[in-house]
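This report concerns only the one structure given below.
The values are calculated or read from the model by the stated rules, or taken from the named source; none is laboratory data. Predicted model only: the values in this text are computed from it and were never measured. Counting neighbours? That spans all protein chains shown, and the Cβs are built from the backbone with ideal geometry, glycine included. Quick note on the areas: whole protein, heavy atoms, side chains included, nothing else; ligands and nucleic acids left out. Shrake-Rupley method; radii C 1.70, N 1.55, O 1.52, S 1.80 Å.
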Amino acid sequence: MSQEILVVYPGSFDPPTNGHLDIIERSSKLFLKIVVAVADNCNKRHTFSLKERLQLLQESTKSLKNVKVTSFSGLLADYLEQINSFVLIRGLRAISDFEYEFQMALMNRNLNKKIETVFLMPDQAYTFLSSGMVKEIAMFGGNVSSLVPKCVGEKLKKRFCEHIKK
Ligand code: PNS
């Protein structure tokens, strides 16, 4: 019964990493329909545009038939209401994630008491992986091929090579 609900995995995905993909794959085995919702947040400066982040996620999840990639702007709680969902998925890597995630889960519940957040742990290989770290490694010419989907690796290479050439 509960597996039939629409679940939303929100995030910045700037860019998507193998850690994000691990959470998406785990969710796709647990739930029938997953919406990966890319935040169009004008308060944050992103390396990749919304369009690029959507394309990268679409390409990386194309084999997962119950996963849809889309974007949202404004409050996540309002977006959930619009699409008639009340379950969020978030990844928890290490204890350091806990405070931020706890605050976000409780704030979303404060905005709408129906909202539940389900936390999934990625494979331990991704415990210390973050989009920020991946960008820093790529920026200094390091190899990120084991950390991100192929299309993301290519995009990072292009972005930072162009940046270096300028
Ligand atoms: O990948 P991130 O950056 O940790 O994702 C954070 C995100 C986008 C899920 C969060 O910032 C968010 O929900 N933003 C939308 C605005 C909102 O609803 N803010 C209040 C959440 S407590």
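Values computed for the structure shown
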| quantity | calculated |
| --- | --- |
| Residues of the range 26-46 that turn out to be part of a loop (DSSP other than H, G, I, E, B), open to solvent by 60 Å² or more (accessible area, probe 1.4 Å) and away from the ligand (no atom under 14 Å from the Cβ), as a count | 1 |
| Subset of the range 117-131 that is over 13 Å from ARG26 (Cα atoms) and under 13 Å from the mean Cα position of the chain (by Cα) - its residue that is farthest from the ligand (Cβ to nearest atom) | LEU129 |
| Subset of the range 63-72 (residues that are within 8 Å of the ligand (Cβ to nearest atom) and surrounded by fewer than 13 Cβ atoms within 10 Å (Cβ to Cβ)) | none |
| Residues located in the range 89-115, provided they are over 22 Å from GLN55 (Cα atoms), within 11 Å of the ligand (Cβ to nearest atom), under 16 Å from the mean Cα position of the chain (by Cα) and open to solvent by less than 80 Å² (accessible area, probe 1.4 Å) | ASP97, GLU101, MET104, ALA105 |
| Residues of the range 30-45 that turn out to be under 19 Å from GLY91 (Cβ atoms) and of a type outside the set (Lys, Arg), as a count | 9 |
| From ILE83, ILE89, residue being of a type in the set (Val, Ile, Thr), at pLDDT 95 or above and either at positive phi or out of contact with any helix residue (DSSP H, G or I) (no Cβ under 8 Å at 6 or more places or on another chain) (or both) | ILE83 |
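Conditions (1) over 18 Å from ALA105 (Cα atoms); (2) over 15 Å from the mean Cα position of the chain (by Cα); (3) assigned to a helix (DSSP H, G or I); (4) away from the ligand (no atom under 15 Å from the Cβ), marked per residue:
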| residue | (1), (2), (3), (4) |
| --- | --- |
| VAL7 | no, no, no, no |
| PRO10 | no, no, no, no |
| PRO16 | yes, no, no, no |
| ILE24 | yes, no, yes, no |
| PHE48 | yes, no, no, no |
| GLU52 | yes, no, yes, yes |
| LEU57 | yes, no, yes, no |
